[in-house]
Every structure is written in structure tokens, then in C-alpha cells.
1. Could you check the range 62-99 and list, in sequence order, the residues that are among the small types (Gly, Ala, Ser) and within 20 Å of Thr139 (Cα to Cα)?
2. Quick one: which of Val224, Val208 is farther than 26 Å from Ala32 by Cα and touching a residue at least 12 places away in the same chain (Cβ under 8 Å)?
3. In the range 233-261, how many residues are free of Cβ contacts under 8 Å to residues at least 60 places away in the same chain and under 22 Å from Ala165 (Cα atoms)?
4. Check whether at least one residue in the range 216-223 is surrounded by fewer than 18 Cβ atoms within 10 Å (Cβ to Cβ) and modelled with pLDDT of 90 or more, and report yes or no.
5. Is it true that some residue in the range 190-199 is surrounded by 14 or more Cβ atoms within 10 Å (Cβ to Cβ), closer than 23 Å to Glu297 by Cα and of a type in the set (Val, Ile, Thr)?
6. In the range 134-157, which residues are assigned to a loop (DSSP other than H, G, I, E, B) and either touching a strand residue (DSSP E or B) at 6+ places or on another chain (Cβ under 7 Å) or modelled with pLDDT of 95 or more (or both)?
7. Would you please name the residue that is nearest to Leu201 (Cα to Cα), looking only at residues in the range 98-118 that are among the charged types (D, E, K, R) and part of a helix (DSSP H, G or I)?
Amino acid sequence: MKIDGNIGMDLRSVPQNAKEVEAAGYSGAWTAETSHDPFLPLLLAAEHTEKLELGTSIAVAFARNPMTLANTAWDLQAYSGGRFILGLGSQIKPHITKRFSMEWSHPAPRMREMVLAMRAIWNTWLTGEKLDFRGEFYTHTLMTPFFTPDAKELDGFGPPKVFLAGVGELMTEVAGEVCDGFICHGFTTEKYLREVTIPALARGRAKVGKTLEGFEIIGPSFVVTGGSAAELEAAATGTRQQIAFYGSTPAYRNVLEIHGWGGLQEQLNTLSKQGEWAKMGTLIDDEILNTFAVVGEPESIAPELSKRYGDVIQRISFYAPYASDPDRWAAVMAALQAA
């Protein structure tokens with residue numbers, strides 16, 4: 001199993017963080033589109049590492065268009081020497097329309113078309129074939145030599161892999177059909193992964209005559225651990241609040257419903273509208289916490305993750321919660337990588 005780390009978003013710290021993540025033995029490192037751009041840190045990370053895979057988890061797809069994404073991903077793939085993974089997510093309608101002031105419609109079909117349009121653009125740049133992509137949401141029919149990057153920039157490794165994050169079945173199926181990998185949302189349980197996510201991915205792969213062989217799935221990442229009882233409790237409190245935050249989102253209700261907790265979504269949503277963020281976390285009892293997260297001392301994490309997900313995921317990403325004890329953490333890492 002590949003284990004991925006985090007390099008942070010502070011551009012001044014990224015070079016050193018990236019070096020440390022690579023030296024610690026992580027397979028890859030990811031950035032997220034939250035309060036900063038997700039792509040800029042990866043350029044610095046690529047400059048200061050040699051083998052570390054670098055990806056976005058996630059970049060907001062619908063805040064951009066296929067051409068801008070194709071350009072940025074091409075440049076990062078070229079500069080990193082083939083180590084870049086373009087991880088995309090749709091976000092939800094209010095963010096796309098109110099935060100980014102972009103159009104929202106039919107997210108799963110739009111995402112499918114966006115990925116296919118990017119691949120068409122890359123193909124034109126690599127082969128010189130005429131760009132002639134005509135879809136329902138995106139049309140790309142103009143490409144001149146002045147705007148075409150040199151195909152030799154990607155010699156030996158080709159265009160970047162594209163991963164897609166999702167929760168709902170339609171978006172998950174799209175990932176299986178047109179992408180190289182899938183990023184499980186943190187708000188995913190083993191039951192939901194096995195009964196909903198995996199079958200949807202398999203349906204998508206079957207549409208294009210493929211299986212899940214060679215398709216990478218990044219597993220859920222909630223881990224509650226620490227080097228002391230106080231650290232463990234602090235991690236549990238923060239994770240309860242994060243689970244509650246995601247649980248308040250109507251689009252994620254299905255994950256709760258598969259466990260018989262559908263009514264909790266309405267309670268959490270009501271509290272979120274009142275700004276009761278801390279109170280929301282108190283509704284996440286131990287049963288819910290242990291269903292979404294692997295909870296325990298550091299040495300118990302690897303066996304439990306392997307038990308839950310070892311046969312269905314290829315990589316996992318989470319924060320190292322006790323970097324002050326590198327020897328202890330190295331043993332956990334080794335156990336996971338051997339799984």
C-alpha cells in the first residue's frame with residue numbers, strides 16, 4: 001500500500017516539508033484547494049524532490065475550464081519529470097456559483113466531458129492532430145502552433161494521471177470510466193466503500209471495456225491516534241467535528257443512511273446554519289467515530305487499516321500526528337507499506 005503525506009500550503013515552508021516527506025519514505029504528497037492555490041506548492045515540491053509523486057487532492061474542476069487545467073497539468077507533469085497527478089473534485093453548487101461565480105449544471109456529465117476534453121487537448125499537443133472536441137458543455141476546436149507546447153517536454157512519461165474525488169454513485173462511475181484513479185472522500189466508511197463506491201467504479205470501467213486492474217483507489221483518511229491519552233482525545237475531538245461538518249451536507253446523506261443514521265444529517269445541517277460548529281461534534285458518538293475513523297494507539301493503526309481496506313485500496317493519505325516520535329511513526333509507515 002502506498003502511503004501519502006502532506007507538504008502544507010505555506011510556500012515558504014513547502015521546499016523543506018517536501019524534502020522531509022520524501023526522506024520519511026512517503027510515496028506521494030498532496031495539496032488541497034482551500035485557502036490557497038493547490039498548484040503552486042507542487043512546483044516548489046517538484047524542484048526539491050526526486051521521486052515523490054505530487055498531486056492535488058483536490059483542485060476544484062468547475063472553477064476552471066479544460067484548457068486552463070490542461071495547461072497547468074502539462075507544465076507540472078513536465079517540470080516534475082512525470083510525477084504529477086491531477087486530482088479533481090466538483091465541489092458543491094453554492095461554492096461554484098457563489099464563491100467562484102462559475103456555471104453549475106449536471107455535475108457528473110460535465111465532469112466526464114471535462115476530463116475527455118483535457119485528454120483531447122493533450123492528444124493534440126502530443127500528436128499534432130487537429131483539435132476537434134465538441135461536447136454539450138465544452139467545445140475546443142482552435143489550436144495553433146503558437147499556443148501548442150513542445151511534445152518533447154513529456155518525452156518518456158506522457159500526460160499526467162487524472163484522479164477524481166466523489167461520493168455519489170454517478171460521479172464515482174464517471175471516475176471509473178474516464179480517470180486513472182479515485183480519491184475517496186474522507187466522509188466514507190468501509191461499508192459505503194464496498195457496497196456503493198467499488199461497484200460504481202466497476203460499472204464505469206466496464207463501460208470502456210476495462211476492469212479495476214491498474215486503477216488506483218485512495219482510501220478514506222480519518223485516523224485518530226496520538227502518543228498520549230491527551231493527544232488521542234484531542235485528535236478525537238477534532239475528527240468528530242470534521243465528520244459532523246461533512247455530515248451536515250445534504251449531498252453526503254447517503255453515507256449516513258447506509259448505516260441507518262440518515263436523521264443525523266438534518267440535525268447537523270440545522271446546527272450548521274446556526275453556526276454551532278462545536279456542538280455539532282458532540283452528536284458524533286463513539287460508534288459513529290469508530291465507523292468513519294481508525295481509532296487507537298499508533299501501533300494499532302496499520303493492522304486496522306489493512307483489515308478494513310487492504311484488499312480494495314492501493315494508497316492512503318493522512319497526517320502524521322506524532323512527528324516528534326519519528327522512530328515510532330517509521331514503524332507504522334513500514335507496516336502499512338508492507339500491507
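1. Ala63, Ala70, Ala73, Ser90
2. Selected residue: Val208, the only one of Val224, Val208 that is farther than 26 Å from Ala32 by Cα and touching a residue at least 12 places away in the same chain (Cβ under 8 Å).
3. Total meeting the criteria: 12.
4. Checked the range 216-223: at least one residue is surrounded by fewer than 18 Cβ atoms within 10 Å (Cβ to Cβ) and modelled with pLDDT of 90 or more.
5. no
6. Once the filter is applied, which keeps residues that are assigned to a loop (DSSP other than H, G, I, E, B) and either touching a strand residue (DSSP E or B) at 6+ places or on another chain (Cβ under 7 Å) or modelled with pLDDT of 95 or more (or both), the range 134-157 yields Gly135, Glu136, Phe137, Tyr138, Thr141, Leu142, Met143, Thr144, Thr148, Pro149, Asp150.
7. Filtering first and then ranking leaves Arg112.
For every residue, the table says whether it meets (1) at pLDDT 90 or above; (2) out of contact with any strand residue (DSSP E or B) (no Cβ under 7 Å at 6 or more places or on another chain).
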site: Arg253; (1), (2): yes, yes
site: His259; (1), (2): yes, yes
site: Gly263; (1), (2): yes, yes
site: Gln267; (1), (2): yes, yes
site: Thr270; (1), (2): yes, yes
site: Glu276; (1), (2): yes, yes
site: Val295; (1), (2): yes, no
site: Pro298; (1), (2): no, yes
site: Lys307; (1), (2): yes, yes
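The values are calculated or read from the model by the stated rules, or taken from the named source; none is laboratory data. All figures in this text were calculated on a predicted structure; none of them were measured in a lab. All Cβ positions, even for glycine, are placed from backbone atoms using ideal geometry, and neighbour counts span all protein chains on display.
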